[in-house]
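Peer 1: I have a structure I would like to understand better, so I am pasting it below and will then ask my questions one at a time.
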Amino acid sequence: MQNPASGSTPVTSPPRIATFSRIDTFSASHRLACKSLSDAENKELFGECNQRHGHNYRVVVTIRGEIDPASGMVVDLTYLKACMKEAITKPLDKKNLDEDVPYFANITSTTENLAMFIWGNLQKCLPATALHKLKLYETDQNSVSYKG
Ligand code: NI
């Protein structure tokens, strides 16, 4: 007697969608302050972070897409490395965020805003739908996730 499931079930290939993550690091200094607030208000809102200090930031960039049947990769790693250098390391490493990065001239350099800045930079060099998630660690304790 024939098993009713055998022979009639179409063979489906497994999905070829995957994510690929790469980490970069950079060191930068900043001082949290809102231009619209007084010195006393900024001190109260941001506490110690109202003083200039530095961080060793760590950023995890996650790309999502189809595994290319020829290369076996979700993203061209050589290209991703170059893109991350252009979008992250070059504009941010060894910089005073508030004074050296024009984006932060009027935007407070919180980790949240920094994540948005990096996201925008990555969008300029990656295919429109490739960027899946960005996780930015300011310290081992504090991090921000951003998905656009
Ligand atoms: Ni800080």
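The values are calculated or read from the model by the stated rules, or taken from the named source; none is laboratory data. Bear in mind that the values here come from a model prediction, so they are computed numbers and not experimental data. Counting neighbours? That spans all protein chains shown, and the Cβs are built from the backbone with ideal geometry, glycine included. Just the protein is used for accessible areas: all its heavy atoms, side chains included, with ligands, DNA and RNA removed. Shrake-Rupley method; radii C 1.70, N 1.55, O 1.52, S 1.80 Å.
Peer 1: State the cysteines of the chain left without a partner when partners are defined as other cysteines whose beta carbon lies under 4.7 Å away.
Peer 2: Cys34, Cys49
Peer 1: Once the Cβ-Cβ distance between Asn142 and Glu99 is put in as r, and R0 is 22 Å, what FRET efficiency do you end up with, to the nearest 0.05?
Peer 2: FRET efficiency, Asn142 to Glu99: 0.50.
Peer 1: Also, I was wondering about something else. Can you send over the carbon and sulfur percentage of the accessible area for the chain, probe radius 1.4 Å, protein chains only?
Peer 2: 52
Peer 1: Still on this structure, please answer the following. Can you give me the angle between helix 111-125 and the longest principal axis of the chain, using Cα atoms only, in degrees from 0 to 90, rounded to the nearest 10?
Peer 2: Relative to the chain, helix 111-125 is tipped by roughly 50 degrees.
Peer 1: Follow-up question, since we're still on this one. For the chain, with every protein chain kept in place, what is the accessible area per residue (1.4 Å probe, Å²)?
Peer 2: Each residue of the chain exposes 64 Å² on average to a 1.4 Å probe.
Peer 1: Could you pull out which residues in region 104-148 have an amide N less than 13 Å from a spot 7 Å beyond the Cα of Thr19, following the Cα-Cβ vector?
Peer 2: Hits in region 104-148 for Thr19 at 13 Å: 131-136, 145-148.
Peer 1: Below 8 Å between Cα atoms, with a sequence gap of 6+, how large is the relative contact order for the chain in percent?
Peer 2: After rounding, I find 28 percent.
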